[in-house]
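Trainee: One structure, pasted below without further comment.
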Amino acid sequence: MKLKVSVIGTGYLGATHAACMSTLGFEVIGVDIDAAKIALLSSGKVPFYEPGLEELLQQELASGRLTFSTDLRAIADADVHFICVGTPQSENSLAADLKFVDAALDAIAPICKPGSLVVGKSTVPVGTAARLRERLLKVNPKVDLAWNPEFLREGFAVEDTLKPNRLVVGVVNDAAEAKLKEIYKTNLEANTPWVRADLPTSELVKVAANSFLATKISFINAMAEVCEAAGGDVTVLAKAIGYDPRIGSRFLQAGIGFGGGCLPKDIRAFMARAGELGADQALEFLREIDSINLRARQRVIELVRKDLTDNLSGKKIAVLGAAFKPDSDDVRDSPALDIAVQIAAAGATVTIHDPKAIEPAKKRFPTLNYSENIEEALSGADLVLHLTEWKVYRELDPAKMKSLVASPIIIDGRNALDREAWIAAGWKFRALGRSEI
Ligand code: UDX
């Protein structure tokens, strides 16, 4: 008999995990307190943009294996319960807010069937899993808790869930590991590396990985600052150091830095937790990583002022991109949107285009101007800002775009456009970490 799986929390992580577990042949019940979300998912619609997920969801709903409910009691006969709720940054501090994780655990604890396994997937401060396990066993001594962090990237969520580059399981005993091996049998057969760890290490793996990625991005953005000062070119520098296999070329794309629902909040929560543990000095460098990252946004705004005027009032600026990265409609802590908001606050008339993120951006900043049409956004602009590297922007014809704007100045905040092509078409081209030519 195949195990029955429940997924608690059907946001980004949970909705993807539920659909993917179903493709592996498990019977899956996804539950969430948000009735609107459950109604959408049940009707085969994904409440956010993630390539390939909607098709997968519809396929799995049709298979009859995947169902959704707002009634938590629906999880009662599942063998494995995945907790996939959010852990946002607290309103008043850098720490993670654990109210959703705690509430999910408390809600399922009395109703999990004997012998079932609760598996946390949310990103939590180290120590949370052990605390939750104790709390669970007090209410329901016949179940167990393990931790299994996820590493999925937005835009590649389905691929990363079905074919992860490693599986990390934090367990207290062999039985929990055996059950997780049953869940991930397909991956094990495909030789996906399997790392068994204790509970704290499994929690730390996730934040350590995200801290490393954030560090790599801020490192190259720090090099961009030095390149600007010295007249160097950070894109050439990144290419050259990336050939060293110990360094590697990925995550060395200099620009306006990292955003999204994970990297910024995870490094801050990690610092906060290290402080509580008395290890704050060890993560002091992450404060600098955060500062370099936020500084990149200011450096773009300085470039805008340099090319226009200190007084941006009345200037027309077209912003290409609102999402925190391409192939996503997520605008949480988006560097692109943050820059657009700051420029608008300085008096410029800003028109924002994004292939997918206009609606979510509008919800956050309803008073800004948005356009569904790139040409309309560029029309009459005094300056164009390229802030999220969607493919469609790389495919623009610089000559045609020049005929639309009032003044052909473009700032490439992602170092992703073909500089020579834009210059050849008569544009003044600026980028972070590259001197003017
Ligand atoms: C990240 C981790 O990659 C993933 O493993 C984890 O599970 C969740 O957090 P995600 O938030 O989807 O995933 O985005 P990611 O692809 O890591 O990019 C994060 C940010 O860094 C984006 O804003 C992106 O534009 C920026 N970035 C990335 C750069 O500025 N330069 C780079 O070279 C790479």
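The values are calculated or read from the model by the stated rules, or taken from the named source; none is laboratory data. These numbers come from a predicted model, not from an experiment. No Cβ is skipped: glycine too gets one built from the backbone with ideal geometry, and neighbour counts run over all protein chains shown. Heads up: the accessible areas ignore ligands, DNA and RNA and are worked out on the full protein's heavy atoms, side chains in. Shrake-Rupley method; radii C 1.70, N 1.55, O 1.52, S 1.80 Å.
Trainee: Pull up region 259-269, narrow it to residues that are of a type in the set (A, V, I, L, M, F, W, C) and more than 7 Å from the ligand (Cβ to nearest atom), then point me to the one that is nearest to Ala336 (Cα to Cα).
Mentor: Residues of region 259-269 of a type in the set (A, V, I, L, M, F, W, C): 262-263, 267, 269.
Applying the additional criterion that residues be more than 7 Å from the ligand (Cβ to nearest atom) yields 267, 269.
Details: Ile267: 20, Ala269: 23 Å.
Taking the candidates together, the pick is Ile267.
Trainee: In addition: State all residues of region 196-232 that are charged (D, E, K, R) and away from the ligand (no atom under 11 Å from the Cβ); if no residue qualifies, say none.
Mentor: Of everything in region 196-232, those that are charged (D, E, K, R) and away from the ligand (no atom under 11 Å from the Cβ) turn out to be Arg196, Asp198, Glu203, Glu225, Glu228.
Trainee: Residues in region 364-386: is at least one modelled with pLDDT of 95 or more, within 16 Å of the ligand (Cβ to nearest atom), closer than 28 Å to Val234 by Cα and in the same structural domain as Gln253 (by TED's automatic domain parsing)?
Mentor: Scanning region 364-386, I find at least one residue that is modelled with pLDDT of 95 or more, within 16 Å of the ligand (Cβ to nearest atom), closer than 28 Å to Val234 by Cα and in the same structural domain as Gln253 (by TED's automatic domain parsing), so the answer is yes.
Trainee: Of Arg135, Arg131, which residue is more than 16 Å from Val80 (Cβ to Cβ), away from the ligand (no atom under 16 Å from the Cβ) and in contact (Cβ under 8 Å) with a residue 24 or more places away in the chain? Give the steps one after another, and end with the answer.
Mentor: Working: Arg131 fails: in contact (Cβ under 8 Å) with a residue 24 or more places away in the chain.
Result: Arg135 is the single residue among Arg135, Arg131 that is more than 16 Å from Val80 (Cβ to Cβ), away from the ligand (no atom under 16 Å from the Cβ) and in contact (Cβ under 8 Å) with a residue 24 or more places away in the chain.
Trainee: Let me ask something else about it. If you check Thr161 against the conditions, is it outside any strand (DSSP E or B), at pLDDT 95 or above, hydroxyl-bearing (Ser, Thr, Tyr) and within 14 Å of the ligand (Cβ to nearest atom)?
Mentor: Values: outside any strand (DSSP E or B): yes; at pLDDT 95 or above: yes; hydroxyl-bearing (Ser, Thr, Tyr): yes; within 14 Å of the ligand (Cβ to nearest atom): yes.
Answer is yes for this residue.
Conditions (1) out of contact with any Phe, Trp or Tyr (no Cβ under 6 Å at 6 or more places or on another chain); (2) in contact (Cβ under 8 Å) with a residue 60 or more places away in the chain; (3) open to solvent by 60 Å² or more (accessible area, probe 1.4 Å); (4) within 30 Å of Glu134 (Cβ to Cβ), marked per residue:
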| site | (1), (2), (3), (4) |
| --- | --- |
| Thr161 | yes, yes, no, yes |
| Asn191 | yes, no, yes, no |
| Trp194 | yes, no, no, yes |
| Asp198 | yes, no, yes, yes |
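Trainee: Hey, among Leu13, Leu40, Leu72, which residue is touching a helix residue (DSSP H, G or I) at 6+ places or on another chain (Cβ under 7 Å), in the same structural domain as Ile111 (by TED's automatic domain parsing) and either closer than 24 Å to Ile111 by Cα or surrounded by 15 or more Cβ atoms within 10 Å (Cβ to Cβ) (or both)? Don't jump to the end; show me each part of the working.
Mentor: Working: Leu13 fails: touching a helix residue (DSSP H, G or I) at 6+ places or on another chain (Cβ under 7 Å); Leu40 fails: touching a helix residue (DSSP H, G or I) at 6+ places or on another chain (Cβ under 7 Å).
Step by step, each of Leu13, Leu40, Leu72 is checked, and only Leu72 is touching a helix residue (DSSP H, G or I) at 6+ places or on another chain (Cβ under 7 Å), in the same structural domain as Ile111 (by TED's automatic domain parsing) and either closer than 24 Å to Ile111 by Cα or surrounded by 15 or more Cβ atoms within 10 Å (Cβ to Cβ) (or both).
Trainee: Please specify each residue of region 226-239 satisfying the condition of being within 25 Å of the chain's Cα centre (by Cα) and touching a residue at least 40 places away in the same chain (Cβ under 8 Å). Let's see the steps before the verdict.
Mentor: As a first pass, look at region 226-239 and keep what is within 25 Å of the chain's Cα centre (by Cα): 234-235, 238-239.
Those that are within 25 Å of the chain's Cα centre (by Cα) and touching a residue at least 40 places away in the same chain (Cβ under 8 Å): Val234, Thr235.
Trainee: Is there a residue in region 240-258 that is free of Cβ contacts under 8 Å to residues at least 24 places away in the same chain, surrounded by 18 or more Cβ atoms within 10 Å (Cβ to Cβ), more than 27 Å from Thr123 (Cβ to Cβ) and within 16 Å of the ligand (Cβ to nearest atom)?
Mentor: No; the residues of region 240-258 include none that is free of Cβ contacts under 8 Å to residues at least 24 places away in the same chain, surrounded by 18 or more Cβ atoms within 10 Å (Cβ to Cβ), more than 27 Å from Thr123 (Cβ to Cβ) and within 16 Å of the ligand (Cβ to nearest atom).
Trainee: Moving to a separate point now. From Ile343, Ile374, Ile358, grab the single residue that is among the hydrophobic types (A, V, I, L, M, F, W, C) and crowded, with 22+ Cβ neighbours inside 10 Å. Walk me through how you get there before you give the answer.
Mentor: Values: Ile374 fails: crowded, with 22+ Cβ neighbours inside 10 Å; Ile358 fails: crowded, with 22+ Cβ neighbours inside 10 Å.
Selected residue: Ile343, the only one of Ile343, Ile374, Ile358 that is among the hydrophobic types (A, V, I, L, M, F, W, C) and crowded, with 22+ Cβ neighbours inside 10 Å.
Trainee: Also: Quick one: count up the residues across region 81-118 that are part of a loop (DSSP other than H, G, I, E, B), buried (at least 19 other Cβ atoms within 10 Å of the Cβ) and of a type in the set (Val, Ile, Thr).
Mentor: 2
Trainee: Please report, ordered by residue number, the helices (runs of 4 or more DSSP H) entirely within region 171-268 with at least 2 residues that are under 30 Å from Ala323 (Cβ atoms) and not polar (S, T, N, Q). If you could, list the steps in order and put the result at the bottom.
Mentor: Details: elements: 174-183, 185-189, 199-230, 234-242.
Of the helices (runs of 4 or more DSSP H) lying wholly inside region 171-268, those with at least 2 residues that are under 30 Å from Ala323 (Cβ atoms) and not polar (S, T, N, Q) span 199-230, 234-242.
Trainee: Got a sec? Which of Glu189, Glu182, Glu91 is modelled with pLDDT under 95 and either assigned by TED's automatic domain parsing to the domain that holds Asp266 or acidic (Asp, Glu) (or both)? Quick ask: steps written out before the conclusion?
Mentor: Working: Glu189 fails: modelled with pLDDT under 95; Glu182 fails: modelled with pLDDT under 95.
That would be Glu91, the only listed residue that is modelled with pLDDT under 95 and either assigned by TED's automatic domain parsing to the domain that holds Asp266 or acidic (Asp, Glu) (or both).
Trainee: Sticking with this structure for a sec: Filter region 387-408 down to the residues that are surrounded by 16 or more Cβ atoms within 10 Å (Cβ to Cβ), touching a residue at least 60 places away in the same chain (Cβ under 8 Å) and away from the ligand (no atom under 16 Å from the Cβ) and list them by number.
Mentor: Of all residues in region 387-408, those surrounded by 16 or more Cβ atoms within 10 Å (Cβ to Cβ) come to 387-390, 393, 396, 398, 401-402, 404-405, 407-408.
Keeping just the survivors that are touching a residue at least 60 places away in the same chain (Cβ under 8 Å) gives 387-390, 393, 405.
Once the filter is applied, which keeps residues that are surrounded by 16 or more Cβ atoms within 10 Å (Cβ to Cβ), touching a residue at least 60 places away in the same chain (Cβ under 8 Å) and away from the ligand (no atom under 16 Å from the Cβ), region 387-408 yields only Val405.
Trainee: Which of (1) open to solvent by 30 Å² or more (accessible area, probe 1.4 Å); (2) over 18 Å from Asp34 (Cβ atoms) is the odd one out, the single condition Ala78 does not satisfy?
Mentor: Only one criterion in (1) open to solvent by 30 Å² or more (accessible area, probe 1.4 Å); (2) over 18 Å from Asp34 (Cβ atoms) is unmet by Ala78, namely (1).
Trainee: Hey, another quick one. Every residue in region 164-189 that is of a type in the set (D, E, K, R) and either within 16 Å of the ligand (Cβ to nearest atom) or open to solvent by 80 Å² or more (accessible area, probe 1.4 Å) (or both), please. So that I can check it myself, show each step before the final result.
Mentor: Residues of region 164-189 that are of a type in the set (D, E, K, R), as a first pass: 166, 174, 177, 179, 181-182, 185, 189.
Arg166, Asp174, Lys181, Glu182, Lys185, Glu189 - these are the residues of region 164-189 that are of a type in the set (D, E, K, R) and either within 16 Å of the ligand (Cβ to nearest atom) or open to solvent by 80 Å² or more (accessible area, probe 1.4 Å) (or both).
Trainee: So, Asp338, is that one over 23 Å from Asn221 (Cα atoms), at pLDDT 95 or above and buried (at least 17 other Cβ atoms within 10 Å of the Cβ) or not?
Mentor: Details: over 23 Å from Asn221 (Cα atoms): no; at pLDDT 95 or above: yes; buried (at least 17 other Cβ atoms within 10 Å of the Cβ): yes.
Considered against the rule, which asks whether it is over 23 Å from Asn221 (Cα atoms), at pLDDT 95 or above and buried (at least 17 other Cβ atoms within 10 Å of the Cβ), Asp338 comes out as no.
Trainee: Let me ask another. Against the definition (at negative phi, crowded, with 18+ Cβ neighbours inside 10 Å and under 26 Å from the mean Cα position of the chain (by Cα)), how does Gly433 come out, yes or no?
Mentor: Numbers: at negative phi: no; crowded, with 18+ Cβ neighbours inside 10 Å: yes; under 26 Å from the mean Cα position of the chain (by Cα): yes.
So Gly433 fails the test.
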